[in-house]
1. Ignoring everything except DSSP H segments at least 4 long, calculate the 222 nm mean residue ellipticity for the chain; use -39,500 (n - 2.57) per segment, divide by total residues, nearest 500.
2. With both partners inside the chain, how many of the DSSP beta bridges are antiparallel, as a percent to the nearest 5?
3. When the expected Rg is taken as 2.2 N^0.38 Å, what fraction or multiple of it is the alpha-carbon Rg of the chain?
4. Expressed in whole Å with the largest first, what are the equivalent ellipsoid semi-axes of region 141-208 derived from the C-alpha gyration tensor as the square root of 5 times each eigenvalue?
5. For region 101-184, evaluate the Debye formula with one uniform point scatterer on each Cα (no solvent term) and list log10 I(q)/I(0) at q = 0.13, 0.21, 0.23, 0.25 Å⁻¹, rounded to two decimals.
6. Based on other C-beta atoms within 10 Å, arrange 247, 93, 157, 195 from fewest to most.
7. Calculate, axis by axis, the spread of Cα positions in region 16-99 along the three principal axes, and write the results as whole Å, longest axis first.
8. P(r) for region 32-153: what percent of alpha-carbon pairs falls in each 5 Å bin, starting at zero?
Ligand code: SF4
């Protein structure tokens, strides 16, 4: 039997912001006891959510569903100030799991608007992270989703325009949108450090490294995970068929038919065990050689909020 090659993208799977958010809910459950309420999915992954639910976390869409005095965790994608104010007004025991790299974008939104600039946010309408960032300057941020949108942006003073981005966008597409904005607004200013986070860009670079050599790419991640979806698009743009799968149960046998080189990766919210399960499945089908050539080493860690920090 021929040996199938698996090109394993590296880095892949959990980022520091996701690990921190999950740890926050785990610590809250241990320290406060169940139930601990979580506003929205703590991270965009159904396995993570189901696992925490089984341990006593209760996921809600809005704060109305949280009883008075209860503990509520804000998800990694961040919240608008209106949500913070509503929680404070009800004296809820709030623990904020917003990723510090999302919090940085919120700070920039306030700072850029505060200096009198029109703020253009590059991102996807309806995504929770975008809702939170827009809420920092109500009615004062223009959302741009594509290069085509750039022509429609209306600003009072074209010399005073700044841009921000969602943290989980396609690096290449965002670069094109920023270039189009700069062409329209030559004085455009942006963040000192890119808003697309290290985890998003590393996972895209790692996949770029392997996708061209693979006949098929499998991306572990949930359908509402922005960075996972960008990985599927990236592989497909390069001409490699790619599928987003929640777990090994969604891997269709026909995709593998006649395929001897498979690329495997996982979005930043997908647990590493999901990749292990795919590898185990492939090994069960025949001999497999796994090749992994990391394009970056990630050693980012974030401190925990005081509300759950052990010993604080
Ligand atoms: S993908 Fe980036 S911004 Fe989002 S939680 Fe992970 S590190 Fe933070």
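1. -11500 deg cm²/dmol
2. Approximately 0 percent, going by the DSSP bridge assignments.
3. Scaled against compact globular proteins, the figure is 1.07.
4. Output for region 141-208: semi-axes of 24, 12, 10 Å.
5. -0.35, -0.97, -1.17, -1.38
6. Ranked by crowding around the Cβ, least crowded first: 157, 93, 247, 195.
7. 31, 24, 19
8. Distribution as computed: 2, 11, 19, 20, 18, 13, 9, 6, 3, 1, 0 percent.
We did not get these values from a lab; they are worked out from the coordinates using the rules stated. Fair warning: this is a prediction, and the values are worked out from it, not measured in the lab. In this analysis, Cβ positions are derived from the backbone assuming ideal geometry, glycine residues included, and neighbour counts consider all displayed protein chains.
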